[in-house]
Structures are given as structure tokens and as C-alpha cells.
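Below is one structure, written out as C-alpha cells, with a few remarks after it.
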Amino acid sequence: MNRQLADEIIACLQGERTVYPYYRDRYGIGLLRHYCRRQPGRRAPVAALRRSAYAGLLEKPRLKNILAGCGPALDDAVLAASDYDAAQAAFILTLATWGDERRADWRHQQTSRPGVNLVLQLNFNHEHAQRYRRLGANDDLFQFYGHPVARQRHTLAWARIDLDWASGSALIEEIQTDWLRRAADLERWLLKRHAGAAADAAISYRGCQLPLRPTLDYCRHVGEQYRPIWAEAMLWAAIAFLRDELGLRVIYYHSEDSGRLLKRIAQRLPPRSLYTDLPRRFCFRRNAEWPDFLLADKENRQLSRVHPGARLYCLDDGAAA
């Protein structure tokens, strides 16, 4: 998209902060809410749902409990389901931009067409910030400022987004985390290099003097608490933002092949599960044609002809049943 559009969206929607609570599998209720709202009378027959792309969601324990009391149609029960869970984690969402409209910078910024992306950033809350600061570490210990992270907060993950108002569609370019990857790297390094050190020892790492035991405890904590949920929390935040805030219905998501081609990734590839298992869990369907707003670029049209098997995923409630 062009920068003017991205800046206008941020100006309209960016508040001081947006609190975003997430619990495991929350996206299942959210997706079924979106589906129900598009059905006549907001009633979704359960039998039809079991034959749709959403069938897998109905097997989740939380959804099974809702189904048990809703009769033959999934309607008010799912729309009224609580968004609270005792095990939920609270995050802060912020918006930013990434990239440059100059074609010379296109391949370096890994956007699927010349232009900029919106960036939805999933940031840790204040409680986490206090825990992290007790280590005495720099803010960039686990963040890389060459990526689209927030400058005033600690960013757990982000989603890069391109969109097209004319077609009512969007492309989620990537979701990614530096924080968890770097924390895991540090934990492995500590266990390998300092396994026999005293509990009150201090270590030097990437220019920081860190207390050994609290640092190891912190790395284990963020891994245990956030690694199981970060990807689904990030993807659901992006989908809810695109549909509930921007009103876009059709959402594309890269497969391994389409992402490598369109973003011109030649070397280090992202984790495979983010472009296979994750979109399937969210009921995206593979083999979507490249959207017209990507094919408007000459180089992309050529790639689509040379690599016809490199299809995207698509999430479209209108085609789900």
C-alpha cells in the first residue's frame, strides 16, 4: 500500500494504547463469531459447520462446551461467550509502518509488492517490563531494531500487513518474534557455558553485565509462558484488527512457496510451521490465486506464470461453508 493510506489508518485508529488479553485457543471463538455474524439471522447450523473449513474448531474443549447448550444452530451461545480466561495474558497492541515506496528498497524490506506495510505490534505489558528491568539489561538485548518493533515498548511479536480497499482484502505478509528466539539462544548459551557457575555469578552477554540465575530464570519464564501462545495470539490480533477495525473480509496469508517468491527470500527461511500448521489451525484454505492487487505489479505477474504452484492461503467467511 502507499504510505499516505498507511499513515491515515494509523492516525484514525492509533490510540495511546490498546490492551489485548489472550488465552490459548481464543481465536476459535473469534473465528466462529465472525462466521455467525455473516449468516442469515446470525444463525450457523452446526451440521453445516461440521462440513465446512471450520469443522476442526468445533472439537476444541471450550467450543464443545458451548455446543452442548446451543441446539442445532451456533448463534447467541458463541456470540455471547465470555472472552475471559483465568490463564490469559495481557498484551499491548500498537501500530506502525514498515518499508519504503521506492522500488530500489523493495527486496530488502521483504514486502510482496513495492510500498509500505502496516505493522501490528504485540507488546509485553507493564508487569513484564518490571521483571525484565530487574535484570539490568539494555532494551535491545532481545530486540533487533532493524525489524519493525516498537521503540517505546518491548515487542514480543509483530505482523506485517498489506491491504487493498478496492477489493476489501488484505495480505498478512509475516508474523515473527525476535524476543523469544533470542531468549532461547541466551538460555542455551548459559546452560552450555556457565552450567557450573555459582548462583550469584554475573555474566557478560552482548555488552550487558547480567546476573546469572535471574537471567536464566527469566529466559525460562518467557519461554514457558509465551512460546505456546505467541503465534496464535499474533495471528488472531491481526485477523481481528483487519475485520473488526478495518472491515476487510478476505484475508490472504503466505505459504512457504509464495512467501519465498514474493518476498524474495533467498537465504534464511522463517520457521516452517508459521506457514503450514498455523494457517491451517486458523481455517485458512490453501491454493488461493494471487490477489489482483499483487498481480498489478509486472514482476509479480511474471512470477505467477513461472511458478503456478506457489499459491497462498485464504480466509473468507463467504466461502467457508
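Among the trypsin sites (Lys or Arg not before Pro) in segment 137-227, those placed in a DSSP loop whose Cβ has at most 16 other Cβ atoms within 10 Å are Arg151, Arg206. Taken over the chain, the percentage of Cα pairs per 20 Å bin, counting from 0 up to the bin with the maximum distance, is 30, 55, 16, 0. Full extension of the chain between Gln209 and Arg272 yields a length gain of 19.2 nm, computed as 0.36 nm times the residue separation minus the alpha carbon distance.
Tell me, what is the per residue accessible area of segment 50-184 in Å², probe radius 1.4 Å?
Solvent-accessible surface per residue comes out at 44 Å².
Can you tell me the 0 to 90 degree angle between the C-alpha axis of helix 230-240 and the longest principal axis of the chain, rounded to 10? Relative to the chain, helix 230-240 is tipped by roughly 40 degrees.
Specify the angular offset, from 0 to 90 degrees and rounded to the nearest 10, of the alpha carbon long axis of helix 212-226 from the longest principal axis of the alpha carbons in the chain. With rounding to tens, the tilt is 10 degrees.
Each Lys or Arg adds one and each Asp or Glu takes one away; over the other residues whose Cβ falls under 10 Å from the Cβ of Leu269, this sums to +2. Amide hydrogen proximity for Asp178: with H placed 1.01 Å from N in the peptide plane, no residue at 5 or more positions away or on another chain lies under 5 Å.
What the Cα atoms of segment 14-170 give is an Rg and a Dmax of 20.0, 57 Å. Phi angles of segment 36-44 translate, via the Karplus equation with coefficients 6.51, -1.76, 1.60 and θ = phi - 60°, into HN-Hα couplings of 4, 5, 9, 8, x, x, 6, 10, 10 Hz per residue; Gly and Pro are given as x.
Answer rounded, prolate or oblate for segment 174-321, using the Cα gyration tensor with square roots of eigenvalues a ≥ b ≥ c: rounded when a/c is under 1.5, else prolate when a/b is larger than b/c, else oblate. The shape class here is prolate.
Subtracting the Cα-Cα distance of Asp100 and Arg151 from 0.36 nm times their residue separation leaves 16.5 nm of extension gain.
The values are calculated or read from the model by the stated rules, or taken from the named source; none is laboratory data. It should be emphasised that the depicted structure is a prediction, and the values quoted were computed from it without experimental measurement. Note that each Cβ is placed from the backbone with ideal geometry, even for glycine, and that neighbours are counted across all protein chains shown. Just the protein is used for accessible areas: all its heavy atoms, side chains included, with ligands, DNA and RNA removed. Shrake-Rupley method; radii C 1.70, N 1.55, O 1.52, S 1.80 Å.
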